[in-house]
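The values are calculated or read from the model by the stated rules, or taken from the named source; none is laboratory data. From a predicted model like this one, the values you see are computed outputs, not experimental measurements. Positions of Cβ are backbone-derived with ideal geometry, glycine not excepted, and every protein chain shown enters the neighbour counts.
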Amino acid sequence: MSLDNISMIAQLFSSVATFAVAILLLRSLRLQHKDSVTSLGVGMTDSLTELLTVMIRDAEFSDLFLRGVESDGTLNKIETHRYNVFMNVYFLQIQEIWEYDSASTQSRLLAMAMMQTGPGVYSWFKKVGPILFKPEFVEYVENEIVAAIK
């Protein structure tokens with residue numbers, strides 16, 4: 001066997017090994033991405049839980065939230081602002097969960113739970129949603145969530 005043949009065989013084996021390493025790295029990156037998305041979803045759920053815990057502990061905010069949800073028009077300017085900030089944060093978290101895993105039922109359950117709390121939530125979302133959220137998310141909420149509870 002000549003030196004050229006040995007060199008070509010060595011290059012062939014080197015190419016096959018490089019290709020195998022590339023496949024292993026690609027699989028590893030996919031697993032890492034999946035783990036990252038899963039932990040991100042858990043982190044966002046923890047943030048929503050923390051938001052709701054604050055509401056439970058703060059009787060003044062609970063009262064404000066219930067009046068906002070009932071949409072009875074009794075919120076003053078500062079209360080309206082606090083209600084809007086809470087709703088913004090809540091739905092932004094749901095939008096992020098939905099963006100990372102739109103096939104998951106987590107975002108659907110969280111949005112459905114909030115939409116069913118009272119008419120003020122839907123009227124708030126209808127007014128603010130198209131301005132604040134991504135059009136695809138607004139369409140998702142309108143088609144999947146609102147349609148399901150009507």
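Sub-6 Å Cβ pairs linking a first residue in the range 88-114 that is touching a residue at least 60 places away in the same chain (Cβ under 8 Å) to a second residue that is crowded, with 19+ Cβ neighbours inside 10 Å and of a type outside the set (Gly, Ala, Ser), at least 6 apart or interchain, are Gln106/Ile97; Leu110/Ile94, ordered by first then second residue. What are the residues in the range 23-38 that are at pLDDT 60 or above and in contact with an Asp or Glu (Cβ under 9 Å, 6 or more places away or on another chain), if any? Result: no residue meets the conditions. Could you tell me whether any residue of the range 69-76 is closer than 22 Å to Trp124 by Cα, crowded, with 16+ Cβ neighbours inside 10 Å, modelled with pLDDT of 75 or more and more than 26 Å from the chain's Cα centre (by Cα)? There is at least one residue in the range 69-76 that is closer than 22 Å to Trp124 by Cα, crowded, with 16+ Cβ neighbours inside 10 Å, modelled with pLDDT of 75 or more and more than 26 Å from the chain's Cα centre (by Cα).
Just checking, does the range 46-60 include any residue being farther than 23 Å from Val121 by Cα, at pLDDT below 75 and polar (S, T, N, Q)?
Scanning the range 46-60 turns up no residue that is farther than 23 Å from Val121 by Cα, at pLDDT below 75 and polar (S, T, N, Q).
Could you list, in sequence order, the residues of the range 92-126 that are in contact with a helix residue (DSSP H, G or I) (Cβ under 7 Å, 6 or more places away or on another chain) and closer than 13 Å to Leu51 by Cβ? Listed by number, the residues that qualify are Gln93, Ile94, Leu110, Met114.
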